[in-house]
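Peer 1: Starting off with a structure, shown below.
The values are calculated or read from the model by the stated rules, or taken from the named source; none is laboratory data. Remember, predicted model here, so these are calculated numbers, not experimental data. Cβ placement follows ideal geometry from the backbone for every residue including glycine, while neighbour counts extend to all protein chains displayed. Side chains included, ligands, DNA and RNA excluded: accessible areas come from the protein's heavy atoms. Shrake-Rupley method; radii C 1.70, N 1.55, O 1.52, S 1.80 Å.
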Amino acid sequence: MKKNIIMVVADEMRADCVGFWGSPVAKTPVIDRLAGAGTVFMNHFSNHGKCVPARACMYTGQYANTGGHRSLGVMIQPGEENLASHLKANGYETAMFMRNHTVDESYHGVCFDHWGRAPIDNDRNHFRRAGGCTVPEEKAFYWGKIEDEDYVSSDRIHAELFCEWLSARDSGKPFFANINFINPHPPYNAPEAMAELFPLDEITPFTSRHASPGEPDFMKRIRQEYGGLDEILTQDLKKKILQCYYAQILEVDTCLGLIEQQVKDLGLWDETIVLFISDHGDYAGQYDLVEKWDTGFHDCLLHVPFFLSGGALPFGFRTVSALTEHVDLLPTLCELVGVQPPYGIHGTSLVPLITVEAGQVKESVFAEGGHEDALLEIPIPPDKHNAYIPCYQGKASVRYAYPETLRKAKMIRTEDYKYVHRVTGQHELYDLKADPMELTNLAEDSSFAEICDRMKDRLLEHLIRYEKHQPFDPHPIA
């Protein structure tokens, strides 16, 4: 019998805010327990710092540029083979719950047999302002502690929808179910009772400022256009942001527990693999920034929690320290359930890392972001910023006033160094052993010129190796 797959994706959860990944503040008992019974990938990285392109990498096993995934509007298109369509073609019943953010709706019915979405506005129960927030706080995306005792998160609603679907299904097929939670995506807000489980005096804000003059220009422009974040983000506000962010993560953990319990109650645990991951991370006050940015490549945006668990996982507890990335999910799941992966993927199955004590399948991970010049030249009048991207006035303002901050950029990261190459602006090089918080940009330091050249060559080799190579040619001649 083929194994079931439950894929739970959090939105914007950085790894260092989860208990198993070393946070002394986080309360993630379900994540920690499931991780402690499965295989944990301690150094897993997103291939993109934005939701839709990152999820496209997970689903297609290809780097985002292959399918042109660079914005929220370009989801997986009809004809792009992906995890859901491939499993469905191989006998699986497929379902998605909560946010799509992955597959274009014109293609959704081909990929999924069921879409579980509550009959309410998708984000209504998430984008809730608490009373009493000041204007500066709202500019920093802090929306406060929700006092409504009857508040139920969108994540809770959709976890329950999954449980109802699982209980009622009778197809007899193995299933693939993707539950996409919205937490801990900003705004930073949470039910008051949950937020107060994280006392402010026990929270330490992240390191604040990147060393000048090597700081990428987008960081300065975001602070400026968001209303002066370097002044707004006091230590007190950073603590309040993290208080809600930790509470939002706890809500994801609680919803994951509902899913786990339902699977066990229905006697399906021993034939199910559970995958938990986040699409990307969040600044959460670090570097005096909030939320994310397309061309930001700091570890707080790309290093995310990832584990495999469940009774059908054919291995015991193991932590994997090797570098892994989103494109590896598809081939890994295919191997675990005995399905041949599709042609043309860029990822590598991680099963060898699970079955041996140590090792690695790759020496570096890759990420990218930004847009082509023609897209950035489309004018957006200042009075349309709010309408263009609801709740993202500051982000739209940066894009309008400083389009060079969103021009294309690529990153390559090894265990020791990270290199970022930008079409315009400051390239970046970080010594990750000596400077794990990425505070000192060494790209212009002559003593690191040889290392910088090596990393640049590694990036060029990566781009050549993984350029698009589809469609498949069954009869190659030369």
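Peer 1: Using amide H atoms built in the peptide plane, which far-off residues or other-chain residues are under 5 Å from residue 178 H to H?
Peer 2: Amide H neighbours of residue 178, under 5 Å, 5+ apart: 7, 95, 96, 97.
Peer 1: Tell me whether the stretch 100-171 comes out rounded, prolate or oblate; compute the Cα gyration tensor, take square roots of the eigenvalues as a ≥ b ≥ c, and use a/c under 1.5 as the rounded threshold.
Peer 2: It comes out oblate by the Cα gyration axes.
Peer 1: Ok, one more. May I ask you to order 392-402, 4-14 by the average number of other C-beta atoms within 10 Å around their residues, highest value first?
Peer 2: Sorting 392-402, 4-14 by mean packing, highest first, produces 4-14, 392-402.
Peer 1: How long are the three semi-axes of the equivalent ellipsoid of the stretch 251-369, in whole Å, if each is the root of 5 times an eigenvalue of the C-alpha gyration tensor, listed from largest down?
Peer 2: Semi-axis lengths for the stretch 251-369 are 27, 21, 13 Å.
Peer 1: Using alpha carbon centroids, what distance separates the stretch 274-327 and the stretch 146-190, in Å?
Peer 2: Measuring centre to centre over Cα atoms gives 20 Å.
Peer 1: Given labels modelled 7 Å from the Cα in the Cβ direction, how far is it in nm from residue 456 to residue 372?
Peer 2: Taking the two extended label points, one gets 2.6 nm.
Peer 1: Then there's this: Using +1 on the beta carbon of Lys and Arg, -1 on that of Asp and Glu, and nothing else charged, what's the dipole of the chain about the Cα centre, debye to 20?
Peer 2: Roughly 540 debye for the chain.
Peer 1: With a 1.4 Å probe and all protein chains left in place, how much of the accessible area of the chain comes from carbon and sulfur atoms, in whole percent?
Peer 2: Whole-percent figure for carbon plus sulfur exposure: 51.
Peer 1: Before rounding to the nearest 500, sum -39500 (n - 2.57) across all DSSP H runs of length at least 4 in the chain and divide by the residue total; then give [θ] at 222 nm in deg cm²/dmol.
Peer 2: So the calculated ellipticity at 222 nm is -9000 deg cm²/dmol.
Peer 1: Could I ask something else about it? Kirkwood Rh, the stretch 166-313, all Cα pairs: how many Å?
Peer 2: Over the stretch 166-313, the inverse of the mean reciprocal pair distance is 17.8 Å.
Peer 1: Among 345-355, 237-247, what's the highest-first ranking by average C-beta atoms within 10 angstrom per residue?
Peer 2: 237-247, 345-355
Peer 1: Something else: Which entries of 27/240; 27/410; 3/50; 362/395 have Cα-Cα distances beyond 26 Å here?
Peer 2: The answer is 27/410; 3/50; 362/395.
Peer 1: Please grab the % of Cα pairs in the chain that end up more than 29 Å from each other.
Peer 2: Value for the chain (Cα pairs over 29 Å): 47 percent.
Peer 1: Take the Cβ-Cβ distance between residue 434 and residue 171 as r, set R0 to 51 Å, and report the resulting FRET efficiency rounded to the nearest 0.05.
Peer 2: Once the sixth-power term is evaluated, E becomes 0.40.
Peer 1: Calculate one ³J(HN,Hα) per residue across the stretch 171-178 by plugging θ = phi - 60° into the Karplus curve 6.51 cos²θ - 1.76 cosθ + 1.60, and present them in order as whole Hz with x for glycine and proline.
Peer 2: Once rounded to whole Hz, the list reads 6, x, 8, x, 10, 10, 10, 10.
Peer 1: Using mean Cβ contacts within 10 Å as the protection proxy, how do 306-319, 76-89 order, highest first?
Peer 2: Packing order, densest peptide first, comes out as 76-89, 306-319.
Peer 1: Further, regarding this structure: Give the average over all directions of the projected area of the C-alpha convex hull of the stretch 66-132, one decimal, in nm².
Peer 2: Over every viewing direction, the Cα hull of the stretch 66-132 projects on average to 6.2 nm².
Peer 1: To the nearest 0.05, what FRET efficiency results for residue 115 and residue 426 with a Förster distance of 41 Å applied to their C-beta separation?
Peer 2: Using R0 = 41 Å, I get an efficiency of 0.45.
Peer 1: Let me ask another. What's log10 of I(q)/I(0) for the stretch 16-105 at q = 0.12, 0.15, 0.16, 0.24 Å⁻¹, Debye sum over Cα points only, no solvent?
Peer 2: Here log10 of I(q) over I(0) equals -0.51, -0.75, -0.82, -1.10.
Peer 1: Report the paramagnetic label zone for residue 193: residues of the stretch 224-251 whose backbone N is under 14 Å from a point 7 Å from Cα along the Cα-to-Cβ axis.
Peer 2: Residues 251 fall inside that zone.
Peer 1: Just by accessible area at a 1.4 angstrom probe, what is the order of 269, 115, 143 from largest to smallest?
Peer 2: Result, largest first: 115, 269, 143.
Peer 1: So in the chain, what percent of DSSP beta bridges are antiparallel if you round to the nearest 5?
Peer 2: Beta bridges within the chain, antiparallel portion: roughly 40 percent.
Peer 1: I would also like to ask the following. Residue-wise, which Karplus ³J(HN,Hα) couplings in Hz belong to the stretch 226-239, taking 6.51 cos²θ - 1.76 cosθ + 1.60, θ = phi - 60°, and x for glycine or proline?
Peer 2: Along the stretch 226-239, the couplings run 7, x, x, 4, 5, 9, 5, 7, 5, 4, 5, 5, 4, 5 Hz.
Peer 1: Here's a follow-up. For the stretch 65-75, in order, what is each residue's ³J(HN,Hα) by Karplus, 6.51 cos²θ - 1.76 cosθ + 1.60 with θ = phi - 60°, in whole Hz (x at glycine and Pro)?
Peer 2: Whole-Hz 3J(HN,Hα) from phi for the stretch 65-75: 5, 4, x, x, 7, 9, 8, 5, x, 9, 7.
Peer 1: Which whole-number value in Å² is the accessible area per residue of the stretch 1-122, probe 1.4 Å?
Peer 2: I get 30 Å² per residue for this part.
Peer 1: On to the next question. Take the stretch 264-310, drop everything but the C-alpha atoms, weight them equally and run the Debye formula without solvent; then report log10 I(q)/I(0) at 0.15, 0.19, 0.21, 0.26 Å⁻¹ to two decimals.
Peer 2: Taken in order of the listed q values, log10 I(q)/I(0) reads -0.53, -0.64, -0.70, -0.91.
Peer 1: Suppose accessible area is computed on protein heavy atoms with a 1.4 Å probe; arrange 362, 2, 468 from highest to lowest.
Peer 2: Output order, biggest surface exposure first: 468, 2, 362.
Peer 1: So who's got an amide H within less than 5 Å of the one on residue 290, skipping anything under 5 residues away but keeping other chains? H placed 1.01 Å off N, in plane.
Peer 2: For residue 290, whose amide H was placed from the backbone, the distant partners under 5 Å are 285.
Peer 1: Could you work out how far the C-alpha centroid of the stretch 27-41 sits from that of the stretch 70-138, in angstrom?
Peer 2: So the separation of the two Cα centres works out to 25 Å.
Peer 1: No solvent, one uniform scatterer per C-alpha: report log10 I(q)/I(0) for the stretch 428-478 via the Debye equation at q = 0.21 1/Å, two decimals.
Peer 2: -0.81
Peer 1: Here is a follow-up. Mind listing the long-range amide H neighbours of residue 12? Cut-off is under 5 Å, sequence gap 5 or more, other chains count too, H placed in the peptide plane at 1.01 Å from N.
Peer 2: 279, 280
Peer 1: Where only protein heavy atoms count, and the probe is 1.4 Å, what is the accessible area per residue for the stretch 313-356 in Å²?
Peer 2: 32
Peer 1: Given R₀ = 45 Å, FRET efficiency for residue 472-residue 207 by Cβ-Cβ distance, to 0.05?
Peer 2: That pair, residue 472 with residue 207, gives E of 0.45.
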